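Enquirer: A single structure is presented below for examination.
The values are calculated or read from the model by the stated rules, or taken from the named source; none is laboratory data. From a predicted model like this one, the values you see are computed outputs, not experimental measurements. Reconstructed Cβ throughout: ideal geometry from the backbone, glycine too, with neighbour counts over all protein chains shown.
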Amino acid sequence: MNTQGPYYLNPYGGYGQPQIDISYLIGQKGFIEIINLTNFSFVATFQSQGNVYQEPRSKVLYKAVGAQQGQQTLHLSSTVPQPLIVFPPNRLPPSLQNGANGQLAIWVNIYQEGEIEAYSPIPLSPPPVESSFYVTATIVTSGSLLIPTTSTYFRTLTGGTIIPDGSGTCDLLGFDLTSNAASASSGTLTISNISSVADGINHSIIYELAAPTTTPLAPLIIRWPTPIPNLVGSPGFNQPTFTIAGLTSGTHQLTVYYSLT
């Protein structure tokens with residue numbers, strides 16, 4: 001048996017690839033097993049055997065026939081191409097679950113003659129439910145918002161005492177920022193205590209806020225293509241933090257969307 005993968009498809013447009021070509025080597029009377037762990041269907045096109053539709057969350061074994069031997073190419077194409085979808089803010093869209101850092105992938109196993117017995121298509125159980133939330137804060141002139149709103153999520157209660165352990169994982173999905181600031185001042189929105197990779201180093205993202213004199217600050221509506229994880233390796237101090245600073249006036253409405261695992 002030869003296992004190939006994981007492979008990721010994104011049928012939602014905007015980022016990622018909606019189709020992929022996979023090369024494999026197979027002998028006479030071999031089998032190709034495709035395990036679809038995603039929440040969407042796709043069409044599998046075999047180089048010399050035609051097309052087949054495979055359902056979400058399924059495992060199917062295909063038999064090599066005729067000229068389908070030697071070096072072959074398998075083409076996978078998502079079946080729901082469409083413009084980038086705007087999801088409700090408190091739901092984690094499947095496009096994020098199937099990102100390169102997700103677990104819902106596609107695997108391909110190549111079996112030679114005698115390595116496996118034929119079986120009927122098998123439905124797979126649904127993936128674990130991912131929790132997702134949002135929180136809104138009103139910030140006057142300047143201030144900070146910690147996500148989630150209580151640090152106890154990152155701590156363990158032992159013998160009645162809360163002990164920092166850094167075990168919680170908070171993935172930021174995006175945010176909305178609106179403001180009535182119009183004072184010709186400029187400021188920043190800094191997102192800290194996040195990690196671009198699991199290196200335990202405190203990273204940050206900074207957005208510049210420029211408030212004109214006659215009209216309110218333009219809304220800042222951000223949705224990241226993949227979740228941004230919280231800082232790791234610093235128990236008790238790893239909460240993602242949104243900080244508005246530099247503006248001399250104004251009331252700011254900040255809504256942050258995130259997932260907890």
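Enquirer: Between a first residue in the range 103-121 that is closer than 13 Å to Val60 by Cβ and a second residue that is polar (S, T, N, Q) and part of a loop (DSSP other than H, G, I, E, B), which pairs have beta carbons less than 8 Å apart while being 6 or more apart in sequence or on different chains?
Expert: Partner pairs satisfying both residue conditions: Ile106/Thr38.
Enquirer: Within the range 57-75, count every residue that is touching a residue at least 40 places away in the same chain (Cβ under 8 Å) and out of contact with any Leu (no Cβ under 8 Å at 6 or more places or on another chain). Explain how you work it out, then say what you get.
Expert: Step one: of the range 57-75, the residues touching a residue at least 40 places away in the same chain (Cβ under 8 Å) are 57-61, 63, 68-75.
Remaining after also requiring out of contact with any Leu (no Cβ under 8 Å at 6 or more places or on another chain): 60-61, 63, 68-69, 73-75.
Counting residues in the range 57-75 that are touching a residue at least 40 places away in the same chain (Cβ under 8 Å) and out of contact with any Leu (no Cβ under 8 Å at 6 or more places or on another chain) gives 8.
Enquirer: Output the residue which, of all residues in the range 246-260 that are modelled with pLDDT of 85 or more, part of a strand (DSSP E or B) and among the hydrophobic types (A, V, I, L, M, F, W, C), is nearest to Leu146 (Cα to Cα).
Expert: Of everything passing the filter in the range 246-260, Val256 is nearest to Leu146 (Cα to Cα).
Enquirer: Select from the range 217-244 the residues that are over 20 Å from Phe133 (Cα atoms) and surrounded by 14 or more Cβ atoms within 10 Å (Cβ to Cβ) and write down the one among them that is modelled with the highest pLDDT.
Expert: Per the criteria, the residue is Ile244.
Enquirer: Here's a check for you: in the range 23-58, which residue that is under 23 Å from Pro123 (Cα atoms), aliphatic (A, V, I, L, M) and more than 21 Å from the chain's Cα centre (by Cα) is modelled with the highest pLDDT?
Expert: Here the answer is Ile34.
Enquirer: Inside the range 129-199, counting only strands (runs of 3 or more DSSP E) that do not spill past its ends, which hold 1 or more residues that are over 25 Å from the mean Cα position of the chain (by Cα) and at pLDDT 65 or above?
Expert: On the way: elements: 131-140, 143-146, 155-158, 161-164, 170-179, 186-194.
Per the criteria, 131-140, 143-146, 170-179, 186-194.
Enquirer: Next up: Are any of the residues in the range 90-112 at pLDDT 90 or above and assigned to a loop (DSSP other than H, G, I, E, B)?
Expert: Yes.
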